[in-house]
1. Calculate, for Asp85 and Thr17, the FRET efficiency according to 1/(1 + (r/R0)^6) with r their C-beta to C-beta distance and R0 41 Å; round to the nearest 0.05.
2. Post the alpha-carbon centroid distance, region 169-189 to region 16-72, in whole angstrom.
3. A 28 angstrom limit on the alpha carbon distance is what I want to check against. Which of Lys104/Lys208; Lys12/Lys234; Lys166/Lys235; Lys102/Lys186; Lys12/Lys186; Lys102/Lys235 exceed it?
4. Could you run the Debye sum over the Cα atoms of region 153-242, one equal point scatterer each and no solvent, and tell me log10 of I(q)/I(0) at q = 0.21, 0.24, 0.25 Å⁻¹, two decimals?
5. Report relative contact order for region 46-146 in percent, whole number only (criteria: Cα-Cα under 8 Å, sequence separation at least 6).
6. Along region 160-170, what does the Karplus equation 6.51 cos²θ - 1.76 cosθ + 1.60 (θ = phi - 60°) give for ³J(HN,Hα), rounded to whole Hz, x for Gly and Pro?
7. Springs between alpha-carbon atoms under 10 Å, Gaussian network over the chain: tell me which of Phe198, Phe184, Phe43 tops the mean-square fluctuations.
8. Of the labelled options [x] 43; [y] 59; [z] 52, which one gives percent of Cα pairs over 27 Å apart as computed for this structure?
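Any read-out appearing in this document is the output of simple, stated calculations on the displayed coordinates, not a laboratory observation. Computed from a predicted model, the values in this text were never measured in an experiment. Ideal geometry is used to build each Cβ from the backbone, glycine not excepted, and the neighbour counts take in all protein chains shown.
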Amino acid sequence: MGKPAEKPAAAKAESRTALVRRARRINRELAEVYSYAHPELDFENPFQLLVATVLSAQTTDLRVNQTTPALFAAYPTPEDMAAADPETLEQLIRPTGFFRAKAKSLIGLSAALRDRFGGEVPGRLEDLVTLPGVGRKTANVVLGNAFGVPGVTVDTHFGRLVRRWKWTDAEDPEKVEADVCALFPKSEWTMLSHRVIFHGRRVCHSRKPACGACPIAPLCPSYGEGETDPEKAKKLLKYEMGGRPGQRLKPPADYPGLPASPLGAE
C-alpha cells in the first residue's frame, strides 16, 4: 500500500501588516471603481438626512426617496414634525414599512430636537444617539454626510463585506466599526463606508455575489462564494453597474462623476 495522502498545509495566517495593506488596497481600488460614491438618500439639510436615515431601516433608499418629498413638504422642521398627528404621519411613511414604530421615533426625535437642541440637529455622536430611533449607524451617516465628521457606517452590506474580506470576524456592529476604523486613517472612514456599501448593493450581494465580475476579486479571500463565470456574474450586477439607475431621485450636483441614469428611476 502506498503512503496515505498528506493533508494540505493550512493557509498561513495573514499578518496584521499584510491585512492593513490588503484592506487599504481594496479601498483604493473601490475608490477608482466608485469615484462617484455618495449617500443614496436625498436630503437638503441635516434634519432631512436624519429623518431619511431612520426611515431607511428595512427598506431601500429608493423607497425612502420616493416617500420623503411629501413628508418634508408637510413637516419641514423638527417643530412641525413634533406636532404631527401620528396617524397622518404614519400614512405618509407607510411605504417604508414598520411605519408605526418609525412614526413614533420621528415624532420623538423631533420633539427632542425642539426641546433639547433648539430645533437643530446636533453635530456630536454622543448627542445624536440620545434621540429616539437613532443608533450609531444613523448617527455616523448624519455626522459624515451632513457635518463632515468622519465615521464608519456599519449597515448590513458593510458588515457582510468586511467579514467576507476578513477585516473582522465580529458580528456586533460596534465591534465591526472599531475593527475597521483601526485599519484606516480617520480621513477615509466616511468615503470608505460609501464605497463598501455601493459595492455590496451592486456586486457583492448577500445570496448571489457576482464574483466573476468583481473588480477586487484577486484581493478577496472569499472569492468563489458566488458566481465565478464572468458572463453569468455580469447578469447579477445591479444599479448602474448593470446598466440601470441608482437610488437617488435628485442626484447631488457636486458629484460630477455620477453616471447617467439611462432607463429612468425604477
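1. Result of the calculation: an efficiency of 0.10.
2. So the separation of the two Cα centres works out to 16 Å.
3. In this structure, Lys104/Lys208; Lys12/Lys234; Lys102/Lys186; Lys12/Lys186; Lys102/Lys235 exceed 28 Å between Cα atoms.
4. -0.99, -1.20, -1.26
5. 31 percent
6. Listing the rounded values in order: 4, 5, 5, 6, 4, 7, 6, 6, 7, 10, 6 Hz.
7. Top of the fluctuation ranking is Phe184.
8. [x]
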